[in-house]
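Presented below is the structure to which this report refers.
The values are calculated or read from the model by the stated rules, or taken from the named source; none is laboratory data. Since the structure is predicted, the reported quantities are computational estimates derived from the model, not experimental observations. Glycine also receives a Cβ, built like all others from the backbone with ideal geometry; neighbour counts cover every protein chain displayed.
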Amino acid sequence: MTSNDRYLARGPRVGIRPFTAADREEFTARARESAELHRSWLFPPVTDDAYDSYFQRLQEPVREGFLICEHETGRIAGFLTINNIVHGGFRCGAIGYGGFAHAAGRGLMSEGLRLVLHHAFEVLGLHRLEANIQPGNAQSIALVKRAGFRLEGFSPDFLFIDGAWRDHERWAITSEMVHEGTA
């Protein structure tokens, strides 16, 4: 999709927009092309049925899903979801994300993450976002560091991924950190 009117926010090279059912073919193709990049860290949907199930989960009120798309081509460069959204006094969520192989190393995910942070804090009214990252995932840790997240802790056996319970580092950012310019 190359239509700019669907973007929730735009940066110099990418825009963010919601997932749609029509994104299935491109998203699953990009996920299959990126299997080596993602291996052992995450497993985005690579089949039509898996995408349809994933897309349905993104419709739940405790989730928000964003595609990060290149302006020039409209191609999907990556994705970011905010999960387990809690409002009220907590106003937080946990993010998950992945960049696709054709976009790796180009800074597009960093730009997209900054757009999502501003959307989450300004539009959705959240106060805090967490990213739980396996300690060996250097690219993911570098992404959140660039965005201004702080390391807050270590959670052993935190998530069941690829057949085993995996340790994770807990990184977080608050709306104040973004507004103070640390992000």
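From the set of residues in region 46-88 that are of a type in the set (G, A, S) and modelled with pLDDT under 95, which is farthest from R114 (Cα to Cα)?
Top of the filtered list is G88.
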All but one of (1) over 30 Å from F154 (Cβ atoms); (2) out of contact with any Phe, Trp or Tyr (no Cβ under 6 Å at 6 or more places or on another chain); (3) among the polar types (S, T, N, Q) hold for T28; state the number of the condition that does not hold.
(2)
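Quick one: which helices (runs of 4 or more DSSP H) sit completely within region 99-183 and have at least 2 residues that are modelled with pLDDT of 95 or more and closer than 21 Å to G65 by Cβ? Can you show your working first?
Values: elements: 108-118, 138-147, 175-179.
In region 99-183, 108-118, 138-147 are the helices (runs of 4 or more DSSP H) which contain 2 or more residues that are modelled with pLDDT of 95 or more and closer than 21 Å to G65 by Cβ.
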Residue pairs qualifying under the 9 Å Cβ cut-off, at least six apart or on distinct chains, with the first in region 158-170 being farther than 21 Å from V144 by Cα and the second being among the polar types (S, T, N, Q) and part of a loop (DSSP other than H, G, I, E, B), are D162/S40
Pairs under 8 Å by beta carbon, first residue more than 14 Å from N83 (Cβ to Cβ) and charged (D, E, K, R) in region 49-60, partner at pLDDT 95 or above and in a helix (DSSP H, G or I), six or more apart or different chains?
D52/A21; D52/R24
Name the pairs whose Cβ atoms lie under 7 Å apart, with the first residue in region 123-146 and closer than 18 Å to E111 by Cα, the second modelled with pLDDT under 95 and of a type in the set (F, W, Y), and 6 or more positions between them or separate chains?
S140/W41
Considering each residue of region 46-98, count those that are farther than 30 Å from E152 by Cβ and assigned to a strand (DSSP E or B), and give that number.
3
Considering residues of region 30-62 that are of a type in the set (K, R) and surrounded by fewer than 16 Cβ atoms within 10 Å (Cβ to Cβ) only, the residue nearest to H102 (Cα to Cα):
R32
The one condition in (1) in contact (Cβ under 8 Å) with a residue 12 or more places away in the chain; (2) more than 18 Å from R17 (Cβ to Cβ) that G105 fails to fulfil
(1)
All-but-one check, F27 against (1) buried (at least 19 other Cβ atoms within 10 Å of the Cβ); (2) out of contact with any Gly (no Cβ under 9 Å at 6 or more places or on another chain); (3) of a type outside the set (A, V, I, L, M); (4) in a loop (DSSP other than H, G, I, E, B), failing number (4)
